[in-house]
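Notes to accompany the following structure.
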Amino acid sequence: MTSTVCVLWTGSVDDSTVFDNCHLEAVFKTMRAHCRLVGDGGYVCRSYMLSDINPVTAAEHSYNAAHASAPNCSERTNGTHSTIQ
């Protein structure tokens, strides 16, 4: 679900830059949202953002495998919004 569209930047910008500068980041940072987000390697791993990690242990390898197998519909959605001129 997309709840915000930000048009502050022209051209191409990383999804993580947009997220870091939107009001939803503050909502998650202050833990007012009672859920977690799944992000790709472009996002910093935070308490509310699950992103892939550099695995060392078997558990970390399992985490990355589970993370990679999740469908990435948010990336497709953001890509669609990024192409709107």
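Taken together, the values in this text are just the output of simple stated rules run on the coordinates, not laboratory data. These numbers were taken from a predicted model, which means no experiment stands behind them. Here Cβ is always computed from backbone atoms with ideal geometry, including for glycine, and neighbour counts include all displayed protein chains.
General remarks:
- Charge dipole magnitude, Cβ of K and R +1, D and E -1 - region 15-73, Cα centre, debye nearest 20: 260 debye
- Taking Lys and Arg as +1 and Asp and Glu as -1, the other residues whose beta-carbon sits under 14 Å from that of residue 46 total -2.
- Near residue 28, once Lys and Arg are set to +1 and Asp and Glu to -1 for all other residues with Cβ below 10 Å from its Cβ, the sum equals +3.
- Pairwise FRET efficiency - residue 8 versus residue 32, Cβ, R0 = 30 Å, nearest 0.05: 0.85
- Counted residue by residue at 0.36 nm each, then reduced by the alpha carbon distance between them, the extension gain from residue 20 to residue 57 reaches 10.3 nm.
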